[in-house]
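The values are calculated or read from the model by the stated rules, or taken from the named source; none is laboratory data. Treat the numbers as computed from the prediction; the structure is a model and nothing was measured. FYI the Cβ positions are ideal-geometry reconstructions off the backbone, even for glycines, and counts take in every protein chain you see. Only protein heavy atoms, including side chains, enter the accessible area calculation; ligands, DNA and RNA are left aside. Shrake-Rupley method; radii C 1.70, N 1.55, O 1.52, S 1.80 Å.
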Amino acid sequence: TGFRTIIPYNDSLLWIRTRNNAPYGIYVFNTHQKKFIKHYHYVDGCSTCLPPDLMDMLITKNKHIYTTPPNHFLYTYNSSTDNFIPVKAANNSIAFPATTFESLAEDRSGNLWIGTVNGLFQFDPSQNRILKDYSADNELGGVEILALCFDDDQNLWMNTERGLYYLVHQSGKLYNFNSHDGLR
């Protein structure tokens, strides 16, 4: 099924994202019962189903679940309706810098950092607004950001096809490590 991401939700539930083969979507596995208990996936013609081919999934410290289908921005899990809904509809006023989000990370303040095919931006989900947009930045603009990770000092590490980028939390300074620094 092409499992890509396994994230513990609590002591008994694992949320598992697949990417390949559009109908697979997201599974929820109960470790106590040792079985899959939910399956969220693409169904042709279904307006409340996930789009296919999910790029990433994130469970925040407040247990909000986000996922990123290509060309469909960002989706979040709605527990009251037990389905995923778009954070941004096509006619929404939020001007996201790209439609395909490759990677997600959460900082200590609860903001989402979103790596796209065109760079990086910081999004405040509580205010539903973009805080910082690096997509036009001289260094990060146009860079496809495949994975994001915060270290213990809240510095952001980015895996890209142009090497590793490192955004220093305190200063906002950006560093790039590539083949010139010994990376293959």
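Structural remarks
- Members of the range 35-63 found to be in contact with a strand residue (DSSP E or B) (Cβ under 6 Å, 6 or more places away or on another chain) and at pLDDT 90 or above, listed by number: PHE36, ILE37, LYS38, HIS39, TYR40, LEU54, MET55, ASP56, MET57, LEU58, ILE59, THR60
- Boolean, THR81 is open to solvent by less than 20 Å² (accessible area, probe 1.4 Å) and of a type in the set (Ser, Thr, Tyr): no
- Under the condition of being in a strand (DSSP E or B) and closer than 12 Å to ILE114 by Cα, the residues counted in the range 138-156 number 6.
- Residues of the range 77-129 satisfying the condition of being touching a Pro at 6+ places or on another chain (Cβ under 8 Å) and assigned to a strand (DSSP E or B): LEU112, THR116, GLY119, PHE121
- At least 3 residues being more than 24 Å from SER126 (Cβ to Cβ) is the threshold, and among the strands (runs of 3 or more DSSP E) wholly inside the range 5-68 those reaching it are 13-18, 26-30, 35-40.
- Residue satisfying all of: in the range 137-166; of a type in the set (A, V, I, L, M, F, W, C) and without any contact (Cβ under 8 Å) to a residue 24 or more places away in the chain; most open to solvent (accessible area, probe 1.4 Å) among these: TRP157
- Test result for ARG129, out of contact with any strand residue (DSSP E or B) (no Cβ under 7 Å at 6 or more places or on another chain), farther than 19 Å from PHE73 by Cα and in contact (Cβ under 8 Å) with a residue 12 or more places away in the chain: no
Per-residue answers, yes or no, for (1) closer than 15 Å to PHE84 by Cβ; (2) among the acidic types (Asp, Glu):
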position: ASN10; (1), (2): no, no
position: ARG19; (1), (2): no, no
position: VAL43; (1), (2): yes, no
position: SER47; (1), (2): yes, no
position: ASP53; (1), (2): yes, yes
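- Scope the range 42-78; condition open to solvent by less than 30 Å² (accessible area, probe 1.4 Å) and either of a type outside the set (A, V, I, L, M, F, W, C) or without any contact (Cβ under 8 Å) to a residue 12 or more places away in the chain (or both); matching residues: PRO51, ASP56, THR60, TYR66, THR67, THR68, PRO69, TYR75, THR76
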